[in-house]
Amino acid sequence: MAATTVVKQQAGPRAAAGPARERRGRRPARLIALLFVLPALLLLGALVVYPVLFSVGRSFFDASGTRFVGGGNYAEIFRDPATLKAVRNTAIWVVVAPSLLTGLGLILAVLVEKVRWATAFKLLLFMPMAVSFLAAGIIFRLAYDEDPDKGVLNAAVVSVHDAFEGTSTYPTARGRTGLLTQDRDGSYRTTATPGEPVTLPMVGVLPKDLPAGARPAAPAPHQAGPDELRGVVYLDFTPGGGGTQGKVDRRESGLPGMRVEAVRDGKTVASTTSAADGSFRLTGLPGGSYTVKLPESNFAPPYQGVSWLGPALVTPAIIGAYLWIWTGFAMVLIGAGLATLPRDALEAARMDGANEWQIFRRITVPLLAPVLTVVFVTLVINVMKVFDLVYIIAPGPVQEDATVLATQMWLVSFGGGNDQGLGSALGVLLLLLVVPAMVFNVRRFRRSQR
Amino acid sequence: MMRRRTTLLTGCTALVLALGATACGGGEVSAGGGDKALSGQTVTVAGVWSGSEQKNFQKVLDAFTEKTGAKTQFVSTGDNVSTVVGSKIEGGNAPDVVMVPQVGVLQQFAKKGWLKPLSGTAQQTVTADYAPVWKKYGSVDGSLYGLYFKAAHKSTVWYSPEALTQAGVQPPKTYDELLKAGHTVSDSGLAAFSVGGQDGWTLTDWFENVYLSQAGPEKYDALATHRLKWTDPTVVKALTTLGKLFKDKQLVAGGQKEALNTDFPGSVEKVFGPKPEAAMVYEGDFVAGVAHDQYGKSIGKDADFFPFPAVDGGNAPVVSGGDAAVVLKDGKNAKAGMKLLEYLATPEAAAVWAKAGGFLSPNKKLDLASYGDDVTRATAKSLVGAGDSVRFDMSDQAPAAFGGTKGAGEWKLLQDFLRDPSDPKGTAAKLESAAAKAYQD
């Protein structure tokens with residue numbers, strides 16, 4: 001932004017000096033012009049030119065600022081995994097965010113033109129612009145929180161998921177180690193012969209998490225028919241300690257509603273659900289041994305939702321927050337361009353029988369191209385300096401996965417890295433990347449002034 | 001890190017105040033009668049404290065005024081002591097005494113030549129009344145500059161007595177017992193530990209306790225100053241020990257993924273909050289403050305601690321931190337400032353704040369009866385009792401780039417290790433390369 005001002009200021013006096021062609025008046029006029037520009041030039045020199053030059057110089061020295069390292073800091077940018085990641089992420093940002101925003105803005109602007117409550121709608125979309133990045137960052141940090149009790153996005157995802165999939169009764173329960181075997185899919189099994197009692201000891205359920213109807217566990221039944229399996233699924237943990245592992249002790253509770261299956265040769269031959277005291281009975285089983293299985297559906301852990309702020313999704317998630325803020329801006333700007341479009345071209349196209357899509361593709365977009373470019377380039381410049389959103393939304397463990405040039409520049413120079421040499425090098429790199437976009441914008445600005 | 005914990009200590013203070021410790025102890029201190037030799041002078045003291053910590057420190061300063069007649073003025077520097085003090089010195093407005101919260105900052109000040117060595121009297125008191133380790137952490141290149149007035153105890157495992165009773169386990173004495181007790185707790189349906197992995201410093205504290213106990217204080221010191229490389233087998237062993245706990249889904253509430261998503265206050269909430277998910281949380285004495293202030297737990301009854309247990313037959317670790325008082329050369333009343341330090345070295349001064357609460361003193365001479373409640377008394381006893389085996393928080397001794405930066409260095413690497421503890425050797429190698437860069441040797 002600063003560079004734009006520089007050029008504007010310089011362009012000013014030239015334009016002012018232009019009409020003063022008379023030889024006599026020329027010199028004093030120039031002097032006066034210079035006098036007028038001087039304060040601005042001084043300010044710009046002190047606040048823009050000097051810091052830029054200082055940073056360039058500083059970037060050739062090491063962390064302490066005393067040893068000259070030449071291009072060492074620049075080489076370090078591409079060697080250090082963290083800064084390299086920042087370069088990569090900035091590239092993603094620059095490519096993805098402005099294109100998405102311009103596209104979204106265009107679509108919304110065209111659509112909004114056709115709705116009745118256009119102004120209200122525009123106002124609504126533009127409102128996030130009034131929210132500071134810091135506040136927006138905090139809002140989205142909360143919205144993206146992985147805990148469905150805190151993060152609204154995961155709350156939505158989880159409730160949709162649970163509506164279709166349902167939840168299990170004992171997500172925390174597990175078989176007593178050594179007494180039950182756990183299969184790879186999370187189910188537990190043991191072997192049993194009909195006629196003998198089967199005990200299925202489980203642990204890991206809090207007393208308050210037991211289903212309401214749970215009763216003290218039935219002791220292992222002794223009489224069972226020759227073709228039936230009888231047994232008990234129970235919580236093998238006596239509150240306050242004590243009790244024998246693998247035995248039904250006095251104060252231990254049964255686990256009702258547990259699905260139990262008898263399996264032979266990989267085929268389920270009988271299945272049932274345990275009663276309030278945890279007892280179950282599987283009938284119609286001819287002699288031989290069976291595998292008694294508690295299928296994993298009993299224990300399926302609750303669905304946790306999407307880890308928005310995990311290493312993989314954190315950058316897209318932050319770009320999402322950025323879109324929320326800037327869509328209104330893109331829409332309003334493009335909308336303004338849209339309003340100045342020559343109506344006759346559109347009318348003519350309609351008369352010739354073009355449909356709305358054709359008008360959009362062949363007329364609106366090409367005519368809007370200059371505005372779209374301005375919006376795009378402005379956003380590119382803006383995206384390069386994105387800092388607050390990244391710094392606030394990314395939690396500590398994934399900060400490095402989300403980092404961009406601006407955050408990395410701050411982190412290595414002041415946020416603990418204490419290497420202002422490398423920080424300056426990153427700053428210079430950022431400047432070099434922004435300059436083409438600036439030049440482009442300034443050129444366009446001048447051309448449109450002429 | 002340290003700064004953050006200091007703010008947490010504020011909570012502790014409020015807690016003990018609420019526990020019914022006598023509200024004010026300012027009056028009784030000057031029993032010996034002051035000679036008012038310093039009347040008319042003003043000592044300026046700068047420190048990170050604010051809120052109730054500042055208020056309680058003011059009581060100590062008031063007691064000093066009563067004794068000597070010198071006026072005092074406390075300036076809160078906010079988080080960044082070294083920047084504030086540096087600019088004040090340059091501006092010709094240096095405070096006389098600074099309370100320095102980190103060893104690294106004390107060394108930085110001493111190397112810049114800002115500090116005055118302690119007076120003979122103060123040195124004698126430190127030698128006689130403090131464990132030698134405190135003298136060591138207050139010294140730079142053989143001269144003693146810092147007097148440790150206030151200490152923190154970072155080897156305390158806080159637990160919910162109700163949850164441990166429910167599971168029928170006793171506070172364990174060794175690390176193996178700790179894991180065993182953890183498994184029993186998890187059988188009862190509650191996870192054993194809640195780990196606040198979203199804050200890197202909780203993980204460095206875990207590591208430091210295991211390492212200090214397992215590898216011993218000599219290796220700990222060597223590693224803290226980076227004379228020992230992080231690729232050393234002892235580091236790999238400590239990481240392996242820690243990894244065994246981290247990767248056990250039964251021991252860590254919600255498993256590794258949830259641990260990484262839990263910050264320090266969140267980890268306290270998981271034990272002492274309205275919906276408990278775990279029975280124990282490891283962190284320093286300031287856990288008590290959070291448990292009391294935020295969740296209304298009464299300390300000693302609904303929340304208690306046991307010392308971090310010994311690992312593999314070593315001694316039980318005592319990791320600590322503290323605020324050291326130093327005198328600046330450029331202060332206008334440096335002489336009176338030194339008198340204040342001499343006063344702070346006495347058990348009399350420590351007793352003033354101990355009574356107000358939220359304070360531990362490394363001074364051996366301080367009567368444990370001065371502390372306002374039993375839990376604080378127990379932590380103080382453990383800290384003083386550890387004598388010379390107390391070690392300072394290693395990450396606080398390291399350059400900030402390695403030991404104190406969100407998302408970088410040790411914090412980040414231990415978080416990665418929590419996410420995937422399968423390769424302790426690889427983690428050690430990464431720690432070494434990050435350390436080499438930060439220490440620049």
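Structure notes:
- Residues of the stretch B:170-184 that turn out to be at the interface with chain A (Cβ under 10 Å from one of its Cβ atoms) and either more than 25 Å from A:ALA173 (Cβ to Cβ) or buried (at least 24 other Cβ atoms within 10 Å of the Cβ) (or both), as a count: 1
- When B:VAL326 is tested against (1) in contact with a strand residue (DSSP E or B) (Cβ under 8 Å, 6 or more places away or on another chain); (2) outside any strand (DSSP E or B), exactly one condition is not met: (2).
- Qualifying residues in the stretch B:185-217 (those that are among the hydroxyl-bearing types (Ser, Thr, Tyr) and not in a helix (DSSP H, G or I)) - the one nearest to the other protein chains (Cβ to nearest Cβ): B:SER188
- So A:GLY242, is it free of Cβ contacts under 8 Å to residues at least 24 places away in the same chain, surrounded by fewer than 20 Cβ atoms within 10 Å (Cβ to Cβ) and of a type outside the set (D, E, K, R): yes
- The residues on offer are A:THR190, A:THR181, and the sole one that is over 32 Å from the mean Cα position of the chain (by Cα), part of a strand (DSSP E or B) and free of Cβ contacts under 8 Å to residues at least 12 places away in the same chain is A:THR181.
- Tally of residues being away from every other protein chain (no Cβ under 14 Å) and surrounded by fewer than 18 Cβ atoms within 10 Å (Cβ to Cβ) across the stretch B:241-267: 2
Residue by residue, here is whether (1) assigned to a helix (DSSP H, G or I); (2) modelled with pLDDT of 95 or more; (3) among the charged types (D, E, K, R); (4) surrounded by 11 or more Cβ atoms within 10 Å (Cβ to Cβ) holds:
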{"residue": "A:ARG14", "(1), (2), (3), (4)": "yes, no, yes, no"}
{"residue": "A:ALA20", "(1), (2), (3), (4)": "no, no, no, yes"}
{"residue": "A:PRO28", "(1), (2), (3), (4)": "yes, no, no, no"}
{"residue": "A:LEU31", "(1), (2), (3), (4)": "yes, no, no, no"}
{"residue": "A:GLY45", "(1), (2), (3), (4)": "yes, no, no, yes"}
{"residue": "A:THR66", "(1), (2), (3), (4)": "no, no, no, no"}
{"residue": "A:GLY70", "(1), (2), (3), (4)": "no, no, no, no"}
{"residue": "A:LYS85", "(1), (2), (3), (4)": "yes, no, yes, yes"}
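- Lone unmet requirement of (1) at pLDDT below 95; (2) within 25 Å of the chain's Cα centre (by Cα); (3) crowded, with 20+ Cβ neighbours inside 10 Å for B:ASP221: (3)
- Just one of the numbered conditions (1) of a type in the set (D, E, K, R); (2) exposed (fewer than 14 other Cβ atoms within 10 Å of the Cβ); (3) over 22 Å from B:MET394 (Cβ atoms) is not true of B:ASP96: (2).
- Pairs are defined by a Cβ separation below 9 Å, a sequence spacing of at least 6 or placement on different chains, a first member in the stretch A:97-116 that is under 27 Å from A:THR315 (Cα atoms), and a second member that is at pLDDT 90 or above and outside any helix (DSSP H, G or I); the pairs so defined are A:ALA97/A:VAL386.
- Selected residue (criterion: surrounded by the fewest Cβ atoms within 10 Å (Cβ to Cβ)) from residues of the stretch B:139-169 that are closer than 30 Å to B:GLU277 by Cβ and without any contact (Cβ under 8 Å) to a residue 60 or more places away in the chain: B:THR165
- Selection status of B:SER433, within 14 Å of chain A (Cβ to nearest Cβ) and more than 26 Å from B:TRP353 (Cβ to Cβ): yes
- Residues in the stretch B:400-416 that are more than 8 Å from chain A (Cβ to nearest Cβ) and aliphatic (A, V, I, L, M): 2 in all.
- Which listed residue, of A:PHE126, A:PHE140, is of a type in the set (Phe, Trp, Tyr) and surrounded by fewer than 17 Cβ atoms within 10 Å (Cβ to Cβ): A:PHE126
- Scanning the stretch A:409-433 for residues that are out of contact with any Lys or Arg (no Cβ under 8 Å at 6 or more places or on another chain) and either within 30 Å of B:LYS257 (Cβ to Cβ) or away from every other protein chain (no Cβ under 14 Å) (or both) yields A:TRP410, A:LEU411, A:VAL412, A:GLY417, A:ALA425, A:LEU426, A:GLY427, A:VAL428, A:LEU429, A:LEU431, A:LEU432, A:LEU433.
- Residue count for the stretch A:356-408, restricted to those that are part of a helix (DSSP H, G or I) and within 14 Å of chain B (Cβ to nearest Cβ): 13
- Residue within the stretch B:143-164 that is within 14 Å of another protein chain (Cβ to nearest Cβ), of a type in the set (Gly, Ala, Ser) and over 17 Å from the mean Cα position of the chain (by Cα) present: yes
- Subset of the stretch A:344-374 [more than 30 Å from A:VAL439 (Cβ to Cβ) and among the polar types (S, T, N, Q)]: A:ASN355, A:GLN358
- The stretch A:148-167 - residue that is surrounded by fewer than 16 Cβ atoms within 10 Å (Cβ to Cβ) and assigned to a loop (DSSP other than H, G, I, E, B) and, of those, farthest from the other protein chains (Cβ to nearest Cβ): A:GLY166
- Some residue of the stretch B:218-228 being more than 14 Å from chain A (Cβ to nearest Cβ), touching a residue at least 40 places away in the same chain (Cβ under 8 Å), within 21 Å of B:GLU177 (Cα to Cα) and of a type in the set (A, V, I, L, M): no
- A count restricted to the stretch A:282-314 and to residues that are over 19 Å from A:ALA155 (Cα atoms) and more than 14 Å from chain B (Cβ to nearest Cβ) stands at 17.
- Identity of the residue in the stretch A:246-277, touching a Pro at 6+ places or on another chain (Cβ under 7 Å) and of a type in the set (S, T, N, Q), that ends up surrounded by the fewest Cβ atoms within 10 Å (Cβ to Cβ): A:SER253
- Selection within the stretch A:193-209 - of a type in the set (A, V, I, L, M) and assigned to a strand (DSSP E or B): A:VAL198, A:LEU200, A:MET202, A:VAL203
- Residue within the stretch B:332-353 that is outside any loop (DSSP other than H, G, I, E, B) and within 15 Å of the chain's Cα centre (by Cα) present: no
- Helices (runs of 4 or more DSSP H) within the stretch B:58-142 that include 1 or more residues under 19 Å from B:VAL48 (Cα atoms) and of a type outside the set (D, E, K, R): B:81-90, B:103-111, B:132-138
- Unmet criterion (only one of (1) of a type in the set (Asp, Glu); (2) in the same structural domain as B:THR68 (by TED's automatic domain parsing); (3) touching a Pro at 6+ places or on another chain (Cβ under 8 Å)) for B:ASP330: (3)
- The lone exception for A:ALA218 - which of (1) buried (at least 19 other Cβ atoms within 10 Å of the Cβ); (2) touching an Asp or Glu at 6+ places or on another chain (Cβ under 6 Å); (3) under 18 Å from A:PHE299 (Cβ atoms) it fails: (3)
- Condition met for A:LEU426 (of a type in the set (A, V, I, L, M) and within 19 Å of A:THR66 (Cβ to Cβ)): no
The values are calculated or read from the model by the stated rules, or taken from the named source; none is laboratory data. In this text the structure is predicted, and so the values were computed from the model without any measurement. All Cβ positions, even for glycine, are placed from backbone atoms using ideal geometry, and neighbour counts span all protein chains on display.
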